[in-house]
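Following: one structure in structure tokens, then a few remarks.
The values are calculated or read from the model by the stated rules, or taken from the named source; none is laboratory data. Since this is a predicted model, take the numbers as computed values, not measurements. Every residue, glycine among them, receives a Cβ derived from its backbone with ideal geometry; neighbour counts consider all protein chains shown. What goes into the accessible areas is simple: the full protein's heavy atoms, side chains included, and nothing from ligands, DNA or RNA. Shrake-Rupley method; radii C 1.70, N 1.55, O 1.52, S 1.80 Å.
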Amino acid sequence: MKLIAALHDPAAAPRLLDAPFRDALAAAGATRLQVNVDDEAVAPAMRFGPGTPITAVVAVWTSASVGDALGVVHDLDGTADAWLVEEREPLVPPAVADGERADALANYAFLRRPEAMDHAAWRSDWLDRHTRVAIDTQGTFGYVQNPVLEVLTPGGHDVAGIVEELFPMAALGDQHAFYGSGGDDAELQRRFTELMDSCARFGAADGLDLVPTSRYCFLLGT
């Protein structure tokens with residue numbers, strides 16, 4: 001099972017990379033941890049959204065109780081929102097050594113389903129149609145989709161899907177690097193337009209939270 005939690009307390013973010021946090025998760029039965037922090041390395045990046053500002057995102061894989069893992073997260077930030085998700089990796093991110101920052105701008109997007117679309121149609125349009133468009137129109141080298149299976153906290157009840165996209169660090173200040181358009185302004189505009197049109201079809205052109213982050217991964221209990 002995979003749990004994703006969005007943290008809101010800035011004071012909690014630095015402690016997510018400390019050994020006591022990993023040890024507590026391992027004791028709760030977790031086997032893997034991913035920490036994404038909105039930090040100085042990604043400060044120039046764009047961030048927006050209608051939800052409570054997100055300072056960090058934690059992903060925990062566990063074969064034990066999801067509630068126990070969430071309890072460890074809430075010990076650091078009792079305001080964190082959390083979801084049980086189904087993981088899909090259309091573009092698998094490169095492996096990085098434990099505790100080493102991935103050389104990437106890792107953008108998280110928290111998606112909301114428009115009321116006019118039923119859940120099955122929304123999910124199909126996102127996962128079956130939009131995936132190829134997103135990969136083909138951006139300079140990503142990692143693309144992970146997390147359809148929400150269950151909302152685990154009172155907050156975040158309107159989030160239906162969570163996406164993580166990895167871009168080269170050059171994308172912080174270069175739109176051609178972000179969209180993979182190779183310096184061609186016409187191609188940049190074409191890709192941008194195609195992506196925005198595709199996002200609009202399933203409601204991802206607005207009403208989402210975008211969080212730029214630095215990405216760290218850990219194996220637990222080894």
Inset, instruction - Give the dimensionless ratio obtained when the Cα radius of gyration of region 113-201 is divided by 2.2 N^0.38 Å. - result: 1.23
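With charges set only on the Cβ (+1 for Lys and Arg, -1 for Asp and Glu), what does the dipole of the chain come to about its Cα centre, in debye to the nearest 20? It would help to have the intermediate numbers written out before the result.
Values: 16 positive and 33 negative charges, 56 e Å.
Around 280 debye, computed over the chain.
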Inset, instruction - Give a residue-ordered list of calculated ³J(HN,Hα) values for region 178-187 (Karplus: 6.51 cos²θ - 1.76 cosθ + 1.60, θ = phi - 60°; whole Hz; x for Gly, Pro). - result: 5, 9, x, 8, x, x, 8, 5, 5, 5
Inset, instruction - Taking H placed 1.01 Å from N in the peptide plane, check which residues at least 5 places from Leu111 or on another chain put their amide H under 5 Å from its amide H. - result: Ala160, Gly161, Ile162, Val163
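Using a ≥ b ≥ c from the Cα gyration tensor of region 25-75 (square roots of the eigenvalues), is it rounded, prolate or oblate, where a/c under 1.5 gives rounded and otherwise the larger of a/b and b/c decides, a/b for prolate?
Values: a/c = 3.27, a/b = 2.16, b/c = 1.51.
Prolate is the answer for region 25-75, as a/c is 1.5 or above and a/b outweighs b/c.
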Inset, instruction - Keeping all protein chains in position, work out how much accessible area Arg22 exposes to a 1.4 Å probe, and write it in Å² to the nearest 10. - result: 60 Å²
Inset, instruction - For the chain, just run the numbers: alpha carbon Rg, then divide by 2.2 N^0.38 Å, N being how many residues it has. - result: 0.99
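Take the solvent-accessible surface of the protein heavy atoms, probe 1.4 Å, and return the percent of it on region 79-184 that carbon and sulfur atoms account for. Please list the in-between numbers first.
Values: 2350 of 4560 Å².
With neighbouring chains kept in place, the figure for region 79-184 is 52 percent.
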Legend entry - Tail fraction, Cα-Cα pairs, region 1-102, threshold 20 Å, whole percent: 39 percent
Legend entry - Long-range amide H partners of Thr153 with built H, under 5 Å: Ala82
Legend entry - Karplus-derived 3J(HN,Hα), 6.51/-1.76/1.60, for each residue of region 160-174, Hz, glycine and proline x: 10, x, 10, 10, 10, 10, 9, 10, x, 4, 4, 5, 4, x, 9
Inset, instruction - Using Cα centres only, tell me the gap between region 161-222 and region 63-130 in whole Å. - result: 15 Å
Inset, instruction - Give the long-range amide H neighbours of Ala30: residues separated by 5 or more places, or on another chain, with amide H under 5 Å away, using H modelled in the peptide plane at 1.01 Å from N. - result: none
Legend entry - Cβ-based charge dipole, the chain, positive-most Cα from Val57, Val85, His8: Val85
Inset, instruction - Throw me the Rg/Rh for region 56-155, computed over C-alpha atoms with Kirkwood Rh, two decimals. - result: 0.98
Legend entry - Cα-only Debye scattering, region 4-46: base-10 log of I(q)/I(0) at q = 0.17, 0.34 Å⁻¹: -0.55, -1.29
Inset, instruction - Give a residue-ordered list of calculated ³J(HN,Hα) values for region 25-39 (Karplus: 6.51 cos²θ - 1.76 cosθ + 1.60, θ = phi - 60°; whole Hz; x for Gly, Pro). - result: 5, 4, 5, 8, x, 6, 10, 9, 9, 10, 10, 10, 10, 7, 10
